[in-house]
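The values are calculated or read from the model by the stated rules, or taken from the named source; none is laboratory data. The model shown is predicted, which means the values in this text are computed figures rather than measured ones. Here the Cβ is made from the backbone with ideal geometry for all residues, glycine too, and neighbour counts use every protein chain on show.
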């Protein structure tokens, strides 16, 4: 189900990408501190990479695109003038997930690799909180709300439970699409990642107004926040193309952007840096490419390194011509980017390795494996080897794990897992890999990678439903976040399920605990964005956002039988009229340990209590969608206080007794 949804949304985004279409560089951005232009690498400076080349001229680049792009050059017309291309929002990558990096007194962003930070909408240093808020105009609709209907801000809050308050606000502007935040280790620099679009026209699609064409650029803005009450913009580094992904190691931010590579009006627009009203373009001799079979389209994937602690140090960059980046994994020394492509009708994944060391970026290896990678957690680096889990194409679907050396050459493989099924979740931990595949049941595999040349299945457990994210608990236990599909009176209920897997005996994994959020349909955005998941082993704390929809007995023939009553969430006892359905959104707070499993401590919601019925629910699910600014999307703790975040407010709750401490409005 999740895999189908990912592929369905990918196809929709692909259509949207075509309608974003070809774009003209016309926006002008100014660097806050006028940093030096990125150095332009000449072909003689580029290190050789096996199977990779660079272009000698724009003419060679243009001819390559025309000759190798299926359908030839781009020239789309939908009743409005089609401008020249400089980049558009690429087809989104599969969702990326993470695990927690923690200190003794406060939580941090869910990250995958220790020491490699990932951008998020909320950061904290234990004393102050930095949060992105993008409030929507509720009258405009909750799915396709464009930037003119959105207020984008970064709030800096004093986190003191005795006096929580907003101390400053950074207005990002309505034409900005915020992507995430980074916080320097000394808490004196705040990095805001964002994309900007300038739409030239619109076209109706499925009763919606979709943008037809748009300029796209990505900005890395750096603020001096040594005085929390007065953030000062010190740098605005802006490049063409849409934001793809990023990481931060020490004081260095590594950002990756993507823009479409088209030939339009006999011209190619290459990646550019905006500075003092001018756009400085990359040279074709600095763009890597590999000879490959014809593709339905190409994109310029650009890698940038920037020192957030030194505004005078010039950023570095490199660009690779790909068929579209799909997922990214970053260790402390290497950045891996994948993209899908078809070779003789077979789906394969190309992998690129970029060596990172401070501001040094070196393109060192390129390789290929058959199949498709679902997200960053299907990849890992361990003891100098790169491991990747893939699902092959739909006609002969199976699942494989490959071990590649630093040259991205396969040195070990395990093929033929769970024929006819697809990978829904993967997690590499040391010399083991936990893998979940799904079709009708949820096989939970433990893969032994102690011999990288000969990976093997150590154990397998079959369960109903599936897990779409695996969160490490300790070295032998894993938390599964997924879905349990059940049938009641002939109707299917889809319920959020938490599982605790014990792999102490790798040959005999067990599900030792389970918690199901009851209802006709219960879910969590942590299924697709586990940065929304808060976990701390020392506190035995697990917090997850939850949404609930219940349908009542007058819909029995369609939706199920009777009232389904999960634990009554935090909310009002107002006696609102009961209708045929009800809904709720908030956060479930658990104690979790290997002895007692999941114990619900309580719930938190940001929903307005006056809208809730006498059971603490909204009277219908449409109301829930119209008040999305009140949805809890993130949580963190500082000492013994839980902070929950929506676009409209921050709520403080005691972890001792789950009593409300305070609320801070984000307005």
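Considering only residues that are part of a loop (DSSP other than H, G, I, E, B) and at pLDDT below 95, look in segment 151-182 and name the one that is farthest from residue 127 (Cα to Cα).
Among those that are part of a loop (DSSP other than H, G, I, E, B) and at pLDDT below 95, it is 175.
Quick one: which residue in 657, 639, 620 is farther than 12 Å from residue 587 by Cβ, without any contact (Cβ under 8 Å) to a residue 12 or more places away in the chain and surrounded by fewer than 23 Cβ atoms within 10 Å (Cβ to Cβ)?
Of 657, 639, 620, the one residue that is farther than 12 Å from residue 587 by Cβ, without any contact (Cβ under 8 Å) to a residue 12 or more places away in the chain and surrounded by fewer than 23 Cβ atoms within 10 Å (Cβ to Cβ) is 657.
Please determine whether any residue of segment 360-373 is farther than 23 Å from residue 303 by Cβ and surrounded by fewer than 23 Cβ atoms within 10 Å (Cβ to Cβ).
yes
Which one of the conditions (1) touching a helix residue (DSSP H, G or I) at 6+ places or on another chain (Cβ under 9 Å); (2) free of Cβ contacts under 8 Å to residues at least 40 places away in the same chain does residue 319 fail to meet, given that it meets all the rest?
Of (1) touching a helix residue (DSSP H, G or I) at 6+ places or on another chain (Cβ under 9 Å); (2) free of Cβ contacts under 8 Å to residues at least 40 places away in the same chain, only one is false for residue 319: (2).
What is the one condition in (1) in a strand (DSSP E or B); (2) under 30 Å from residue 399 (Cα atoms) that residue 332 does not satisfy?
The failed condition is (1).
Which of (1) assigned to a loop (DSSP other than H, G, I, E, B); (2) over 22 Å from the mean Cα position of the chain (by Cα) is the odd one out, the single condition residue 369 does not satisfy?
All conditions pass for residue 369, except number (1).
For (1) modelled with pLDDT under 95; (2) surrounded by fewer than 18 Cβ atoms within 10 Å (Cβ to Cβ); (3) part of a strand (DSSP E or B); (4) at positive phi, each residue gets a yes or a no:
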residue: 313; (1), (2), (3), (4): yes, yes, no, no
residue: 321; (1), (2), (3), (4): yes, no, yes, no
residue: 325; (1), (2), (3), (4): yes, no, no, no
residue: 352; (1), (2), (3), (4): yes, no, yes, no
residue: 403; (1), (2), (3), (4): no, no, yes, no
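For the subset of segment 423-474 comprising residues that are part of a loop (DSSP other than H, G, I, E, B) and within 25 Å of the chain's Cα centre (by Cα), which member is surrounded by the most Cβ atoms within 10 Å (Cβ to Cβ)?
Selected residue: 465.
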